[in-house]
Protein chains: 2
Amino acid sequence: MSITEVARLAGTSVATVSRVFNNPEIVNPQTRASVQRVARELGYVPNSSARTLRTRRSQVLGVMLPTLSNPVFAECLQGIAAEAEQRGYAIVLTTTEYDQERETAAAERLLSAGVEALVLVVSNPATSQTLQRTRQVGLPYVLAYSQTEEHACVSVDNRQAIYHLVERLHDSGHQRIGMVTGQLHASDRAQQRYKGYLQGMQARGLTALPVWELPFTTQALEQLQQDLMQADPPTALVCSNDLIAIRSLRAAALAGLRVPQDLCVVGFDGIALGSDLTPSLASITQPNEAIGRQCVALLCDALARNALLCGNDSVHLPYGWRAGESCTPLSSTAFS
Amino acid sequence: MSITEVARLAGTSVATVSRVFNNPEIVNPQTRASVQRVARELGYVPNSSARTLRTRRSQVLGVMLPTLSNPVFAECLQGIAAEAEQRGYAIVLTTTEYDQERETAAAERLLSAGVEALVLVVSNPATSQTLQRTRQVGLPYVLAYSQTEEHACVSVDNRQAIYHLVERLHDSGHQRIGMVTGQLHASDRAQQRYKGYLQGMQARGLTALPVWELPFTTQALEQLQQDLMQADPPTALVCSNDLIAIRSLRAAALAGLRVPQDLCVVGFDGIALGSDLTPSLASITQPNEAIGRQCVALLCDALARNALLCGNDSVHLPYGWRAGESCTPLSSTAFS
DNA sequence: TTGTACGCGTTATCAG
DNA sequence: CTGATAACGCGTACAA
């Protein structure tokens, strides 16, 4: 069921059928109708490969994410999908599971799938060979969540957000403020947030506590729980993301601490689920869906201009604050 | 940078270059090496459209999900992505947000993206026009999570799982067992689970309580909370999915009920996050990732046989039980 | 307004 | 083992 078949049955030429699909208004209403009828009856779908081959535009965007287990990326992907749909692009998806090798392979698969541009979430832009490769191939790409001069990025100011949070916690009377992260080396965002913590503590003359790294093992969680049961435990825990915060909440509960009376827990990301938890999760919010949308917008604009994207094209989106029962209300220092 | 260019620079014909990429062993090691070198230097990537046009195999699978906000589908997608990757397929993704119109449009976009086969999660197979359309076009497809004779499905036995759960709750002493669902009409699974609840209650001579439908509004949640504060509230809540269970947990907390002493809450799906909550979420588990993998496996096999899939190809995977603090240990009736 | 014919980059066939 | 060449289905000058 190719265009030829449709043309034959409609008693017209392939050119006309093509016009009916790409430029309906320039074809005679009667022939148009007849062609459309035939096409519908046959369930004809234009062959995308042939079209792409001819037009050199696949109308497909590649998306590379670390994982979908973290709702942050799922939310971002929703935004990507929505914006892409609006702009007439399809998206092909790969995940890397935070693994360098898988990342390289994933990028290669995206490339050979014929994508026109890429939304990338990498562990660390500085060490990712995917970025060089993409550059070599000459496709526009944008990094979601990362912050770096070298590439086009869409993100919030991770460092500042946490810096700011530490200030607010201090303003509200907290002195012993701790930080809990995932595996620090697995994410440049986590590193920037940690940096914000260190700087914030220093700025206020507070002693930074040793960071708790919480990979997804029960052992690490138990360690945190033990530490929370020592004398003079922290009164606030700043977590590098909401998933970590949820697990910290659990450690606190197992340690017998009341949240937020004994311990305030603050997350980062603002995943939707956080509001449904008990206690609801206080969190620094990122506009995840907007980040996704913005990435696609940048890409599509670049594609339309037939240009690449570079560091100057980066977009900073504002972070926000979602109050929650896991943290006592903070002093009124404006957020964001 | 087409195959022609590579051929020119390598001083050979396009046919040979093609062979180097598709059948390396049949070409002279020296020419092969030279071609590979040139290709690498140029960053040459075979044009997928041209290849697809010629071979009539796009190596792309279409995936249509309701949303990624529910981790169940994110987990399933992980499985789909993993299996597809293993088998050399790319996946293009669309979401429908449980909306009929968007579903139709999404399917059309998948089709025109040139996918070879489809993994579909629809609200209700009986009313989905996507399925007819897909049939008309003649592509293999499989429904994830649904159960119906009419189509190839990969799912657990939803009705039986809940039926079984009700029995176990009753065995453990519960009499007033309630059911909380999302919007019942939005999902045939939810309906089947509800049916299991009704049948289970009847089989044990218990009175089914009016179902609580919990769309994502705070109002509905408050209703549940109010009802839990009446005299003789249920002692157990069977929830049609884990997200609903989490919100039910919140309603219980707001109502001042202790979980699990006053009220047991059981979810459905077994999302990973459930284990990290406090109380951890007891749940009937589905092998979400395996469901995704199985879908892709069926599809790829069908593609290899050049066949379509039908009701007879359906696969039932076993459900399981994940104990959690949200429910007191159940009597030993074997689960699953 | 419509039709003819070329070429997009590959793979596969067939000769050498 | 290698090269020439004919499709694959479509969009688009160009001609009518």
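No value in this document is a laboratory result; all are computed from the given coordinates. Quick caveat: nothing in here was measured; it's all calculated off a predicted structure. Here the Cβ positions follow ideal geometry from the backbone for every residue, glycine too, while neighbour counts run over all protein chains shown.
Applying 1/(1 + (r/R0)^6) with R0 = 45 Å to the Cβ-Cβ distance of B:Arg87 and A:Gln219, what FRET efficiency is obtained, to the nearest 0.05?
That pair, B:Arg87 with A:Gln219, gives E of 0.80.
If you take each beta carbon of peptide A:85-97 and count the beta carbons of other chains within 10 angstrom, what is the mean?
Whole-number average of other-chain Cβ neighbours for A:85-97 is 4.
Between A:Gln183 and A:Arg37, how high is the FRET efficiency from 1/(1 + (r/R0)^6) when r is the Cβ-Cβ distance and R₀ = 45 Å? Nearest 0.05.
Efficiency for this residue pair is about 0.15.
Using a Gaussian network for chain A with springs between C-alpha atoms less than 10 Å apart, which of these wobbles most: A:Val180, A:Val92, A:Val27?
Of the options given, A:Val27 has the highest mean-square fluctuation.
Please list the non-local residues whose amide H lies under 5 Å from the amide H of B:Leu118, H modeled 1.01 Å from N, same-chain partners needing a gap of 5 or more.
Sorted by chain and number, the residues that satisfy this are B:Gly62, B:Tyr141, B:Val142.
So, in nm, how far is label A:Ser2 from label B:Glu25 when the simple model puts each one 7 Å beyond its Cα toward the Cβ?
3.3
Apply the Karplus parameterisation 6.51 cos²θ - 1.76 cosθ + 1.60, with θ equal to phi minus 60°, to every residue of region B:167-172 and state each ³J(HN,Hα) to the nearest whole Hz, in sequence, with x for glycine and proline.
Calculated HN-Hα couplings, in order: 4, 5, 5, 5, 4, 8 Hz.
Once you keep just the Cα pairs under 8 angstrom separated by 6 or more residues, what percentage relative contact order results for region B:209-260?
36
How high is the relative contact order of chain B, in percent, with contacts defined as C-alpha pairs under 8 Å that are six or more residues apart?
18
So what's the net charge close to B:Asp188: Lys and Arg +1, Asp and Glu -1, counting the other residues with Cβ under 14 Å from its Cβ?
Neighbourhood net charge equals 0.
How shielded is B:75-84 by partner chains, expressed as the average number of their Cβ atoms within 10 Å of its Cβ atoms?
What the average comes to for B:75-84 is 3.
Which of the three applies to the protein assembly as shown, rounded, prolate or oblate, going by the alpha-carbon gyration tensor with a ≥ b ≥ c and a/c under 1.5 meaning rounded?
Oblate, because a/c is 1.5 or more while a/b does not exceed b/c.
Let me confirm one metric for peptide A:49-56, namely the mean number of other chain beta-carbon atoms within 10 Å of its residues' beta-carbons.
Going residue by residue through A:49-56 and averaging, the value is 5.
Can you figure out the FRET efficiency of A:Arg57 with B:Val45, using R₀ = 22 Å and their beta-carbon distance, to the nearest 0.05?
Once the sixth-power term is evaluated, E becomes 0.85.
Taking the Cα-to-Cβ direction at B:Ser331 and at A:Leu308 and moving 7 Å from each Cα, how far apart do the two end points lie in nm?
In this crude spin-label approximation the distance works out to 7.0 nm.
Fewest Cβ neighbours within 10 Å first, please rank B:Asp262, A:Asp232, B:Asp188 accordingly.
A:Asp232, B:Asp262, B:Asp188
Grab the other residues whose beta carbon is less than 10 angstrom from that of B:Val296, score K and R as +1, D and E as -1, and report the net.
So the surrounding residues net to -1.
For a quick check: with amide H placed at 1.01 Å from N, whose amide H comes under 5 Å from B:Gly182's, ignoring anything fewer than 5 positions away on the same chain?
Under 5 Å from the amide H of B:Gly182 lie the amide H atoms of B:Leu214, B:Ser240, each far enough along the sequence or on another chain.
For region A:137-206, what is the relative contact order in percent, using Cα pairs closer than 8 Å and at least 6 residues apart in sequence?
Averaging sequence separation for qualifying contacts and normalising by length gives 34 percent for region A:137-206.
Take the alpha carbon gyration tensor of region B:1-115, find the square roots of its eigenvalues, order them as a ≥ b ≥ c, and report rounded if a/c is under 1.5; if not, report prolate when a/b exceeds b/c, else oblate.
prolate
Using the 10 angstrom Cβ neighbour count as an exposure proxy, how do B:Ser13, A:Ser326 rank, fewest first?
Ordered by Cβ neighbours within 10 Å, fewest first: B:Ser13, A:Ser326.
Taking a ≥ b ≥ c as the square roots of the Cα gyration tensor eigenvalues, with a/c under 1.5 meaning rounded and otherwise prolate when a/b beats b/c, else oblate, which class fits region A:189-288?
Rounded.
What is the Cα centroid distance between region B:280-309 and region B:60-109, reported in whole angstrom?
About 12 Å separates the Cα centre of region B:280-309 from the one of region B:60-109.
State to the nearest 20 debye the size of the charge dipole of region A:117-218 about its Cα centre, where the only charges are +1 on K and R beta carbons and -1 on D and E beta carbons.
For region A:117-218, the charge dipole is close to 80 debye.
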